[in-house]
Amino acid sequence: MSPPHAIQPQCLNLALQGGGSHGAFTWGVLDALLEDGGFRFPGISGTSAGAMNAVALAQGFASAALAHPKDPVARQAQACEQARAALRKLWEGVGAMGAFTLGVPVMSNPLMGMMSQFLSPYQTNPLDINPLRKLLERVVDFGMLAQAWDVEGMPQLFVCATNVRTGKGEIFSGNRLSADAIMASACLPQLYKAVEIEGERYWDGGFSGNPALYPLIYRTNCSDMLLVQINPIEHDSVPDTAGDIAERMNEVMFNASLLSELRAIDFVRRLLAEGRLDKERYKSVLMHRIDGGAALSHFGAASKTRVDMGFLLQLFALGRKEGARWVRAHRDDVGVRETLQIVDNP
């Protein structure tokens, strides 16, 4: 049963980062937000594992939107419960696969790891086998999503993938959102063939937007944005082994576009506060963050491909704890003030 404040839920956009099986942390965060019931999500932007979480959450909201198109209270309560169920079904399916993570086969076999350095997926995986697609299609009814996009209260989804030819990020939303789009967002080029959509080929969206924030700014009316981050920005120590150096390079690369957008948001916010921009044309975004990167850093890079159910549930519990903590600490800040300091020295 939803709490009393769920009758008038607060507006909160979600920005969900990718990061392999560490996306189970985000599952926990979302479960805590949905169980609380006090938030509505006009827009959700996700990349890779974040896109998987986003579309599973949308599955629950789509079902409720079609069942209760004119009853917002019933729709909110049912949407939260069905979204929780869809997310659990997704991650329990990932855990049941055992040998696969979100778009990435477990590289625990040293031979597979060596092969990925010298051979392309067009040689090592010519049939482009990825059981995650079938799991995704069992969890998410994309036909139902297409019917629900225009129903009041249905979150808008924005999934980022990287166009191989242009190198630019592309946002898939509305009727363009499909299983192909989700798989493109999670397509690591060392392991899978590029996903072809409408004559173009796409790789992992993390190269260009992890996640992309600008659709939430320009295509929703909500000013508050909660970033669920699972790739650490800072490390206390400097890596000195080949594996640690490679992982730190990946973290820097997959956070670069995000940091650029955060700085742009901060710049616009400061100009608005100084009266140097037209408030009718520019939105002052109130940024919030749950920093899973810091919470997950001690697990190490190799754990991003670990998918035994016990480990996923451990991450889920950690995410639920952090999500509930954020709600307790910042519910009253939503719509009032930002809680993430973006630039240390403006």
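The values are calculated or read from the model by the stated rules, or taken from the named source; none is laboratory data. Predicted model, so just to flag it, every value in this text is computed and none were measured. With ideal geometry, Cβ positions are generated from the backbone for all residues, glycine too; neighbour counts draw on all protein chains shown. Accessible surface is based on the protein model in full, side chains and every heavy atom, while ligands, DNA and RNA are left aside. Shrake-Rupley method; radii C 1.70, N 1.55, O 1.52, S 1.80 Å.
What FRET efficiency do you get for residue 309 and residue 196 if R0 is 41 Å and r is their Cβ-Cβ distance, rounded to the nearest 0.05?
The value I calculate is 0.80.
Given the DSSP H assignment, sum -39500 (n - 2.57) over each helix run of at least 4 residues in the chain and divide by its residue total; what's the result at 222 nm in deg cm²/dmol, nearest 500?
-14500 deg cm²/dmol
Which aspartates and glutamates, on any chain, are close to residue 168 with Cα under 20 Å apart, when same-chain ones fewer than 8 places away are left out?
180, 196, 198, 200, 204, 251, 261
Pairs 89/134; 89/193; 134/321: which are spaced more than 21 Å apart, C-alpha to C-alpha?
Check vs 21 Å cut-off fails for 89/193; 134/321.
Taking the Cβ-Cβ separation of residue 234 and residue 282 as r and a Förster radius of 45 Å, what is the calculated FRET efficiency to the nearest 0.05?
The calculated FRET efficiency here is 0.95.
If you take every DSSP beta bridge whose two residues both sit in the chain, what share of them, in percent to the nearest 5, is antiparallel?
Of all bridge pairs located within the chain, approximately 35 percent are antiparallel.
Leaving ligands and nucleic acids out of the surface, order 70, 321, 193, 134 by accessible area at 1.4 Å, largest first.
70, 134, 321, 193
How big is the Kirkwood radius of segment 1-94, worked out from every pair of different alpha carbons and given in Å to one decimal?
Roughly 13.1 Å, rounded to one decimal.
Stretched out fully, how many nm does the piece from residue 246 to residue 134 gain, at 0.36 nm a residue minus the Cα gap?
Using 0.36 nm per residue and subtracting the Cα-Cα distance, I get 37.2 nm.
Kindly provide the Kirkwood hydrodynamic radius of segment 265-346 in Å, to one decimal, from all pairs of distinct alpha carbon atoms.
It works out to 15.6 Å.
Would you mind getting me the FRET efficiency between residue 11 and residue 274? Use the beta-carbon distance for r and R0 = 35 Å, nearest 0.05.
About 0.85, to the nearest 0.05.
Please give the solvent-accessible surface of residue 249 in Å², to the nearest 10, using a probe radius of 1.4 Å with every protein chain present.
My reading of the accessible area for residue 249 is about 120 Å².
Can you list, by residue number, the Cys in the chain that have no neighbouring cysteine C-beta under 4.7 Å?
Taking the Cβ cut-off of 4.7 Å, the unpaired cysteines of the chain are 80, 160, 187.
How much space per residue, in cubic angstrom, does the convex hull of the C-alpha atoms of segment 210-300 take up?
Enclosed volume per residue, from the Cα hull, is 101 Å³.
What nm distance separates the two modelled labels at residue 141 and residue 175, each placed 7 Å from Cα along Cα→Cβ?
Between residue 141 and residue 175, the simple spin-label model gives 2.0 nm.
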